[in-house]
Amino acid sequence: MTDISETARTLTTPPKGVFAADESPKSADKRLASYGIKTGIEMRYKERDMFLSTPGIEAYLSGVILHEETLNQTCALETVPCPTLLLSSGILPGIKVDQGTEPMSESPKELITKGLLGLSKRLHDYKATHNTAFTKWRAVITIEGNVLPSATAIVENAKRLAMYARCAQEAGMVPIVEPEVLYTGTHSIFRSKEVITEVLQTVMRALDEHGVDKTATIVKSSMTMSGKDSRRVDTPEEVAAHTLEAFLHAVPQDIPGIIFLSGGQDDDQATDNLRAIAKLAKEKNVPWNLTFSYSRALQDDALKAWGGKDENVPAAREAFLARLTKVSAAAVGT
Ligand code: 13P
């Protein structure tokens, strides 16, 4: 087993999980604004510091995915670079390396992810300067009835995920490949399962075609769920059964771990669904590690408690730890 295979296992072993703190400045500002918090670089710095300098998070987190803006930020009252702070408490720093999405020219309702240009150099620089251990690339797949996603969108996004993964491994880092199948839409859980299965199968083929070492690759996935606008709320048991069915069809056992995004589920829903998946995964004795890699579902309680005010930081950190405790217990099915 290579060193990076070992890192991929470490990152995905529950009860710990990976905190996705890698929103672009634009998305981070949008998030802050939605909580009535002032936006801009200073508030984004405060927000990151609040989360990343919370004492005790190392009991729940194996890694944190950072945005480039945060890689260069200092934490803990401006005393230490954020990646150094994380490493000092045994948490691996990772870096999101895609550069967002744009509409596909062949199918303008669908998105393709940018960022391959100059990627190798960026990866080597991140590793050399910040000691990053892993990376993330997010592709976005839209479901619209039986029409979308198009085969072109699935194949092109899978190809880019594989090219990125190859570059990340060549730079000595673990790639997280994230084809996020969006929850938005009116589709059924069955359609969600069908699309997630097809997308993951296509990504796995592309990884093989591009000579990616699957034993050193982490898959980040949505759970299978009825679309948000379908007005159907699936039970955790339904989510678990369909999600694992999709993975068992599509993901070979040489992938060490699959981590989940929360995708706009509320925090309790994301926690309950993860618990049901972990329970069923134990019963089925699935071959991969499974754990969380949430952004929104880990931050919501804390952002509400913080409200952008310095005096609320201790309460926000308490809320963050309380949510981490619940999600990490759910990752082992309790
Ligand atoms: P959410 O948990 O908010 O979906 O974010 C996870 C993520 O990394 C999306 O790319």
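Among Leu161, Leu274, which comes first, then next, by fewest other beta-carbon atoms within 10 Å?
Working: Leu161 29, Leu274 33.
Exposure proxy ranking, most exposed first: Leu161, Leu274.
To the nearest Å, what is the center-to-center distance of the stretch 162-237 and the stretch 9-33, using C-alpha atoms only? So the two Cα centres are separated by 17 Å. Taking trypsin sites (Lys or Arg not before Pro) in DSSP loop states with no more than 15 other Cβ atoms inside 10 Å as exposed sites, the chain has its longest site-free stretch at 115-230. Computed on the stretch 1-97, with alpha-carbon pairs under 8 angstrom and 6+ residues apart, the relative contact order is 30 percent.
Please compute one quarter of the surface area of the Cα convex hull for the stretch 114-171 and express it in square nanometres.
Working: hull surface 17.3 nm².
For the stretch 114-171, the mean projected area of the Cα convex hull comes to 4.3 nm².
In this entry, the stretch 23-113 is assigned a mean projected area of 7.2 nm², taken as a quarter of its C-alpha convex hull surface.
Computed on the chain, with alpha-carbon pairs under 8 angstrom and 6+ residues apart, the relative contact order is 19 percent.
Before anything else, pin down the relative contact order of the stretch 202-334: Cα pairs under 8 Å, at least 6 apart, normalised by residue count, whole percent. Could the numbers behind the result be given before it?
Working: 176 pairs, mean separation 33.3, N = 133.
25 percent.
For Glu144, no residue whose modelled amide H falls within less than 5 Å of its own remains once neighbours fewer than 5 places apart on the same chain are excluded.
So which of Lys30/Lys220; Lys284/Lys304; Lys16/Lys159; Lys282/Lys304 end up more than 27 Å apart, counting from Cα to Cα? Before the final figure, lay out each step's value.
Values: Lys30/Lys220 23 Å; Lys284/Lys304 38 Å; Lys16/Lys159 30 Å; Lys282/Lys304 34 Å.
Violating the 27 Å Cα-Cα cut-off are Lys284/Lys304; Lys16/Lys159; Lys282/Lys304.
Rounded, prolate or oblate: which fits the stretch 167-323 when a ≥ b ≥ c are the square roots of the eigenvalues of the alpha-carbon gyration tensor, with rounded for a/c under 1.5 and prolate only if a/b beats b/c? It comes out oblate by the Cα gyration axes. Here the chain yields Rg over Rh of 0.94, to two decimals, using C-alpha coordinates and the Kirkwood radius. The DSSP beta bridges internal to the chain are antiparallel in roughly 15% of cases.
Cross-link partners for Lys96 among the aspartates and glutamates, with Cα-Cα distance under 16 Å and sequence neighbours closer than 8 places in the same chain left out: Asp22, Glu23, Glu68, Glu69, Asp125, Glu178, Glu180.
Please identify the longest segment of the chain free of exposed GluC sites (Glu not before Pro), where exposed means a DSSP state other than H, G, I, E or B and no more than 13 other Cβ atoms within 10 Å. Please report the intermediate quantities before stating the final value.
Numbers: sites that count: Glu78, Glu106.
Longest site-free region, per DSSP loop and neighbour criteria: 107-334.
Read the figures in this text as sums done on the coordinates, not as results from a lab. Since this is a predicted model, take the numbers as computed values, not measurements. Don't worry about glycine lacking a Cβ; one is built from the backbone with ideal geometry, like all the others, and counts go over all protein chains shown.
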